[in-house]
Amino acid sequence: MLNCKVFGIMKSFIYQLTYVALALLLAACDKSVELPKGSSPEIMLSADVVSMDRTRATEANVYTGTSTAGMEATVWFSRRCGVYEDNGTPTAPTFLPFRANIKYDSGNPTTVYVNPENKSQALTYPINDPVNNNVYCVGLYPQSGWSSADGTSATHPIDGSVDLMFADQIVGSWEAPFTTQQYKHLLTWVKFEAEASDIKAIDDWGAVTKVTVVSSNGVTITFPATDGGESTIAYSALTADIDALGGSTMPLSINLQSLGSLLCAPSSTMKLKIATENVAEKEIEVALKDENGNLITSAEQTAGKLFIINIYFNKFNHIEASCNLVPWNEQNVDLGGE
């Protein structure tokens with residue numbers, strides 16, 4: 001009887017030791033994934049183009065449609081976001097640790113390798129494997145032309161010939177895939193058409209030598225400093241003349257004809273500068289209207305929109321201009337070329 005009791009106590013003690021050992025073993029474990037040395041973890045990305053309701057010299061620079069098949073952009077990644085200093089001040093995320101030039105495959109995720117050795121998607125600044133750590137990214141289109149002093153923002157010039165798009169910050173990790181990047185147009189697309197009232201007007205005016213829009217000459221995107229924040233977009237002052245003709249001249253006709261097109265900073269009104277062979281520069285301001293015919297009151301309403309401005313030259317040395325808003329993604333990508 002005594003032996004059985006001692007045996008029972010020993011058995012219980014052994015079970016307790018086993019339980020404690022197992023608990024210690026589990027406590028020593030975490031959810032981190034140990035990767036084989038030299039492996040290449042992947043980040044899977046997909047993208048859509050939105051706010052679609054290429055330019056002066058070559059319209060291939062304007063991205064039309066909503067498909068991202070074949071679209072090439074640069075994606076800036078960071079493992080830092082919402083980091084706080086000792087005094088509680090949030091610091092902006094740094095997107096410089098590594099970048100990837102990506103050609104999207106519409107409908108399928110695009111693979112980006114964090115360790116780009118022997119991989120097609122080579123990254124400029126590889127960082128540590130983002131296993132079980134959040135990775136933040138923003139998308140910038142086109143791939144070239146973006147500059148950054150410290151990685152907390154990106155700046156691109158506006159010269160009228162390049163379409164600019166931006167996909168705001170999204171987050172993903174090895175365990176939680178990224179959501180789809182949403183690329184939005186940052187600029188307004190303007191096409192110009194012109195006609196003369198009659199032969200006398202054509203003789204009076206001569207060929208059109210200048211059609212410009214007063215615009216910003218650059219845009220800066222400041223990335224969010226907190227998790228879940230949104231980027232801020234700022235355009236420089238309206239001091240640049242963006243040219244639609246590219247230095248060429250365009251003879252007038254009594255039939256409506258294209259004068260070219262350009263991309264400019266969003267604005268609720270268009271300030272135009274027009275000159276011809278026989279008439280000095282004139283300035284006119286065109287009020288923009290939305291698809292319902294209502295006057296546009298904020299610049300943000302015109303980003304990602306295409307406006308066709310008709311310029312009418314009459315024989316009394318007078319210019320009239322009217323404007324129509326049309327869907328951007330229904331346009332044919334063809335303006336001729338240089």
Of the numbered conditions (1) surrounded by 19 or more Cβ atoms within 10 Å (Cβ to Cβ); (2) part of a strand (DSSP E or B); (3) in contact with a Phe, Trp or Tyr (Cβ under 7 Å, 6 or more places away or on another chain), residue 163 satisfies every one except a single condition; which is it? (2)
Can you find a residue in segment 198-209 that is within 28 Å of residue 325 (Cβ to Cβ), assigned by TED's automatic domain parsing to the domain that holds residue 255, outside any strand (DSSP E or B) and not aromatic (Phe, Trp, Tyr)? yes
Among the residues of segment 196-236, write down those that are buried (at least 16 other Cβ atoms within 10 Å of the Cβ) and basic (Lys, Arg). 210
Only residues in segment 272-292 that are of a type in the set (Asp, Glu) count as the first member; pair them with residues that are modelled with pLDDT of 90 or more and not in a strand (DSSP E or B), Cβ under 8 angstrom, at least 6 apart or cross-chain, and list the lot. 277/205; 277/206; 277/207; 277/249
Considering residues that are assigned to a strand (DSSP E or B), over 19 Å from residue 325 (Cβ atoms) and in contact with a strand residue (DSSP E or B) (Cβ under 6 Å, 6 or more places away or on another chain), the number found within segment 243-276 is 6
In segment 283-326, anything in contact with a strand residue (DSSP E or B) (Cβ under 6 Å, 6 or more places away or on another chain) and assigned to a helix (DSSP H, G or I) is listed as 302
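The values are calculated or read from the model by the stated rules, or taken from the named source; none is laboratory data. Bear in mind the structure is a predicted one, so any value in this text is a computation, not a measurement. Using ideal geometry, Cβ is built from the backbone for each residue, glycine included, and neighbour counts are taken over all protein chains shown.
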